[in-house]
Every structure is written in structure tokens, then in C-alpha cells.
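Since the structure comes first, as C-alpha cells, the remarks are kept for the end.
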Amino acid sequence: MSDFFTANISDADPLISNAIDSEVRRQADGLELIASENFVSEAVLQTMGTVFTNKYAEGYPGKRYYGGCEFSDVVEQAAIDRAKEIFGAEHANVQPHSGAQANMSVFLAAINHGDTILGMNLSHGGHLTHGHPLNFSGINFKVADYGVNRETEQIDYDELQRIAEESRPALLICGASAYPRIIDFERIGEIARSVGAKVMADIAHIAGLVAAGLHPTPIPHCEFVTTTTHKTLRGPRGGLILCKEEFAKDVDRAVFPGVQGGPLIHIIAAKAVAFGEALQPNFKEYQQQVVTNAKVLAETLANAGLRIVSGGTDNHLMLVDVWMDGKGITGKDAEKALEQVHITVNKNTIPFDTQKPFVASGIRIGTPALTTRGMKEEEMRSIGTIIAEVIQAPGSEEAMSKARREVAEITSRFPLYSQRYKTDSTGTANA
Ligand SMILES: *Cc1c(COP(=O)(O)O)cnc(C)c1O
């Protein structure tokens, strides 16, 4: 091997090597309940670390701007074909580097600078890219927003119809980052057509559930569907756009050269592997368990006296009101207390929150990651009880050390990655 190569990360770069090793341990020793996170398979991990990272492949399979793309074409075409099969879509673009890039590309393909977009309010569950003033979406477009009903804490479709008629958007955006209920894509499609708007469904969070048929699909009702590949879909970090054939050229042009340069072929290869996994029969079992686990966890927390926003969950996540009008603690304090016992969640505003976003009244909890580790109903009951005890006994060192012991007991029964990802035998991390 050439002298310009360093073969082993633990010899070449102890700082980064030790950080990788510590992160491997952190992921294994904690309970990961961040709703947007998951653990990819070792096949996906392996694929990301391949020599495809060396390749420039601007363009699309069969139409590249560089030579030497024959194997890049194989992996990208496989990713495209599998994505179309999973979702029953007419066209797929697998190149977006992230969910945000996927959304940016759709804006570029679908509407013009200065047009009006109508998206879900961030504090009611929407995403930054759906019109936040500091995001490209809020900077380049006029923004109108809709939210949830104060009583039901669920999307009020009659109100959405009214707002759509008033704001006349060019693009109606649905999909959310913190919404625990089924989204009625059919109804949203009807609302959009009644005002002459196109629809983008951003299923970043629920893509795995949609793939498994556990959440109604937006495909027949929406011109554009975007998603991340790393949340419930359990692939590498990245984005994906699905659309009808009539928009295929516009979408492909918007991604490249509109928004991005060279595609990340090593990541696209890993997307293909993850999509292959999503086509296996046990993927549906996995998603079913994600949903069952979320229901059991929400019930356990509610029975322990915490308030579940909208009264429950239909998907992989729940919003828990831990402040409860001053009877409890803030979301910020709950996140910190849980972190001290190695349970990872994020603080989250609840609809009509009286706290600032950085403090928040709630926490968001999701079950995709722990379900990947193999945890089921019994563990959800134990974990729900631990969470409630920590939140309800703020500052009690006794409660905290009991919780830490119980978390360690649970994680020890569900090992995460095999030994090759924990030692320096592959150079992935040192001992
Ligand atoms: C996570 C998320 C995104 C953005 O994904 P990134 O890969 O972080 O850019 C977009 N939309 C929604 C609804 C999300 O939840």
C-alpha cells in the first residue's frame, strides 16, 4: 500500500478514534428514545464505509458527466427501483443528501420564488423547512400556516380548508416532526385541489410506517412526497423524493444541478441496502412492533399521571406534557434529568405552549430505535415507569440511581452491534 495511506484509524488518529469508541458505548449503554433516530443494520453501516465515497457521478444512471460510473449506475438504479417498489411511486430521486435538501429541491421544481406556501406551524409539529423565517423556505417564499385544534390537539381540516381559501398557496405542505396522529392525506389532497395548489407530503418521520402499510400512503393524493431515509425507514442519513412521472424531469433537474453537485454514491449504495431490507417481510413486523411499543409506552406514562398530547398516539411517537400547567417540570428540565439516567429524549413544545421553545412544556418520545434493539411491550412498561419516576422526583438522588441501575439492566439484555464495531480489529474504533 502507498505511503500516503493510513491503514488504521486507532493508530492514525487517536482523538477521532476514541470519540468513535465512546459513541459506540454511549449508543449501547443508553435508552435512545429520540423519535427521529434509529440504528441502521451492520450491512448498511458497512456499505457507507466503502470506496464509493471516492467516486464523482454527477448526473443520473446512464447519463453521467464523468467516466467510470458503471458500478455507481448499478447501485443508484437499484436504490431507485427499490424505492419505487416500496412506495408504489412512479418516479424516485435518491440523491438528496438530507431531508432538508429533498424539500428544497421540491420547492425549486414545483413553485416560483415569492409564491405562497402553506405549512404546519412549527410549534404544532411542523418542520423548519416548512416555512420558518430563518430557513430558505421562509426566506424565499410567503408563508401561511395551519395548526391543530385547541381541544382535540389534532389537525383541524375544516380550519385548514378555510386558511387555504384565504391564503391561496401555490404549495400546500403536510407532514410533521412532532405529530402523533394519522394524517389524512386524501383530505389534504382535496383541499389543495379546491384552491389550485400542489401538495408536498413530507413523510420524513413516518416513511417506515407508510412503507409497511401501517399509515395511509400520500402517494395517490400528493404530487410530491419527500422523506428522510434515516428515521423510521432505518437507512443511512439522507433524503428521498418520490413524484408522479409528469414531474420527474423537473425534480431531477432541481436536485442536480439545482441544489446539489455530485451525489454521495456510498450513501446511495447504503440506501439501496436499507430499501432492500424494507422489502423483506420482517420489516412490516418491525414497524408493527414500533407502533405497538409506542401505544404501550404512552399508556404507561398516562397511567403514571403524565399528560399525553391529543390523548394518545397512532404512530411511532408521542408528545408528553410534563409541565401540566405548572404541576410538573419543564421539558428542558425533564430532558436533562432523563439524560442523567442515560435515557435520551428531546424537549418539545406542545400545541399552544406557554413556555419558550428552548424551555418547552413537553418532551417528544419515539420507539423506532429501541424496537430495532429488540425491545417489546414488557420493556416499554418498565421504561415508562422509570421515565415517570425520574420526572416526578426531580432532584432525588435515590430515584436517579435506582433509574440508572434499571436502565443498565435493560440495555445489558439488548446488545446493539457485534464485536467488530467495538474493537480496533477493523479499525472502526479502538478498545
Ligand atoms: C427530519 C425532518 C426533515 C429534515 O431532515 P434532515 O435530514 O435533518 O435535513 C424534514 N422534514 C421533516 C418533517 C422532518 O421531520
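Values in this text are rule-based calculations from the coordinates and carry no lab data. Note that the structure is predicted; figures quoted are calculated from it, not measured. When we count neighbours, we look across all protein chains shown, and the Cβ atoms used for this are built from the backbone with ideal geometry, even at glycine.
Dipole size of the chain about its Cα centre, with +1 on Lys/Arg Cβ and -1 on Asp/Glu Cβ: approximately 140 debye, rounded to the nearest 20. Cα-based values for the range 134-260, radius of gyration first and Dmax second, are 14.9, 46 Å.
Spin-label model, ARG413/SER98: points 7 Å from Cα along the beta carbon direction are separated by 3.7 nm. So what is log10(I(q)/I(0)) for the range 285-412 at q = 0.09, 0.11, 0.13 1/Å, when the Debye sum runs over its Cα atoms only? Here log10 of I(q) over I(0) equals -0.22, -0.34, -0.48. Fewest neighbouring Cβ atoms within 10 Å first, the residues LEU160, LEU279 line up as LEU279, LEU160. Charges were assigned to the Cβ only: +1 to each Lys and Arg, -1 to each Asp and Glu. The resulting dipole of the range 291-375 about its Cα centre is roughly 120 debye. Expressed to the nearest 5 percent, the antiparallel share of DSSP beta bridges inside the chain is 55 percent. Residues of the range 174-190 with an amide N closer than 20 Å to a point placed 7 Å from the Cα of LEU134 along the Cα-to-Cβ direction: 177-178. Phi angles across the range 300-310 convert, under the Karplus curve 6.51 cos²θ - 1.76 cosθ + 1.60 with θ = phi - 60°, into 3J(HN,Hα) values of 4, 5, 5, 5, 7, x, 8, 9, 8, 4, 6 Hz, Gly and Pro given as x. In the chain, a dipole from Cβ-located charges (positive for Lys and Arg, negative for Asp and Glu) runs towards its positive end, and of PRO61, PRO169, HIS132 it is PRO61 whose Cα lies farthest in that direction. Approximating the spin labels as points 7 Å out from Cα along Cα→Cβ, the ARG193-to-LYS327 distance works out to 4.5 nm.
Let me check against my output: what whole-number percent is the relative contact order of the range 185-292, with C-alpha pairs under 8 Å and at least 6 apart? Taking the mean separation of contacting Cα pairs over the length of the range 185-292, I get 24 percent. Of the chymotrypsin sites (Phe, Trp or Tyr not before Pro) found in the range 261-369, those in coil by DSSP whose Cβ has at most 13 other Cβ atoms within 10 Å are PHE352, PHE358. Estimated from the Cβ-Cβ distance and a Förster radius of 25 angstrom, the FRET efficiency linking SER41 and PHE71 is about 0.70.
How long are the semi-axes of the equivalent ellipsoid of the chain, taking √(5λ) for every eigenvalue λ of the Cα gyration tensor, in whole Å from largest down?
33, 32, 18
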